[in-house]
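In what follows, a single structure is set out as structure tokens and then discussed.
The values are calculated or read from the model by the stated rules, or taken from the named source; none is laboratory data. None of the values given here were measured: they were computed from a predicted structure. All Cβ positions, even for glycine, are placed from backbone atoms using ideal geometry, and neighbour counts span all protein chains on display. Remember, those area values only see protein heavy atoms, side chains included, never the ligands or the DNA or RNA. Shrake-Rupley method; radii C 1.70, N 1.55, O 1.52, S 1.80 Å.
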Amino acid sequence: MDNYVLITGASSGIGRATAIRLSKTYPLVLGGRDEKRLEETRTMCENTDKHLLWHYDLATVEGIAENLSAFLKENSVSVSDFVHSAGMAPLAPLRMTTSETMRQIMDVNFFSAVEILKLLTSKKVNGKSLACVVLISSIQSRIGAKGQSIYCASKAAMEGFMRAMAVELAPSIKLNVIRPGGIQTPMGDLLQRNQELLEKPADDGYLLGLGETEDIAAMTEFLLSENAKWITGQIFTVDGGRCAH
Ligand SMILES: NC(=O)c1ccc[n+]([C@@H]2O[C@H](COP(=O)([O-])OP(=O)(O)OC[C@H]3O[C@@H](n4cnc5c(N)ncnc54)[C@H](OP(=O)(O)O)[C@@H]3O)[C@@H](O)[C@H]2O)c1
């Protein structure tokens, strides 16, 4: 069986840039809902014919284990590295956020990663292949933002989960979190429209300006590499200096 890197959110933004970067070195399972955009990512990758597409809506958390284990079995694939980049960040004050939306944000951003990790640590499904996990959080778990309370909570949950799992799964599996600042992607553009940010210049606080998807992809590549073999249970802020002051 070949060992693959599973990337959720591979159809856009940070996940796509990560896929393109990692495709030079690793065979990939590209996760997302939109078949056409996932296929576009695959064509942008190197070694195109090596990569597999996993279409799944992560909001349906209860079906992840069955669907992903069947996918891995059908394709004779095991997963050595898992990058969770899928996420949603609808803007609304809490009073206008329905319980359904709250649950959807928590499911896509957080519980889907929990379910995937649980499955990938099952010896029956994935042997002892899993070695490294990178979860994409956000600086907003630390600094907060108007209209994004549940989004911030979902990222904070991810960070607490990562620390506990790094202890539980050591030494065989390493887990780390990356906290991006503002990155130019479809979601990043939406976040920039946040009223609070509109009142300030767009680059306010970003000592190095807004970031690019490549900045996060490069950090992810490092954390998956041998160079990071002694790093686990950590949160890396990659934000152009936004949280430096
Ligand atoms: N951009 C920023 O400024 C920024 C800052 C901090 C943190 N982040 C984090 O970085 C990660 C990537 O964000 P991005 O900026 O690259 O956003 P993006 O370009 O909007 O991409 C979001 C990705 O998540 C996937 N996704 C959303 N809902 C899904 C669902 N229900 N099931 C499966 N996949 C789903 C999308 O897939 P579909 O094609 O299926 O829609 C897409 O691939 C997110 O976790 C985000 O919170 C972003």
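Apply the Debye scattering formula to region 91-184, with a single equal point scatterer on each alpha-carbon and no solvent, then give log10 I(q)/I(0) at q = 0.20 Å⁻¹. Computed log10 I(q)/I(0) values: -0.97.
When you work out D = kT/(6 pi eta Rh) for the chain at 20 °C and 1.002 mPa s, using the Kirkwood radius from C-alpha pairs as Rh and the Stokes-Einstein form, the result is 118 µm²/s. Selection among 160, 180, 224 by position relative to the dipole of region 98-245 gives 160 as farthest towards the positive end (Cβ unit charges, Cα centre).
Rounded to the nearest 20, the Cβ-based charge dipole of region 120-245 about its Cα centre (Lys and Arg +1, Asp and Glu -1) stands at 700 debye. Between residue 73 and residue 91, the simple label model (points 7 Å from Cα in the Cβ direction) yields a spacing of 4.5 nm.
Placing unit charges on each Cβ (+1 for Lys and Arg, -1 for Asp and Glu) gives the chain a dipole about its Cα centre, and among 51, 129, 92 the Cα reaching farthest toward its positive end belongs to 129.
For a test of understanding, tell me how many lysine pairs in the chain have Cα atoms under 18 Å apart, given they are 8 or more places apart or on different chains. Lysine pairs, 8 or more places apart or on different chains, close enough: 15. For region 14-112, with equal point scatterers placed on the C-alpha atoms only and solvent neglected, what are the log10 I(q)/I(0) values from the Debye formula at q = 0.12, 0.15 1/Å, to two decimals? Computed log10 I(q)/I(0) values: -0.45, -0.67. Solvent-accessible surface of the chain, averaged per residue with a 1.4 angstrom probe and all protein chains in place: 49 square angstrom.
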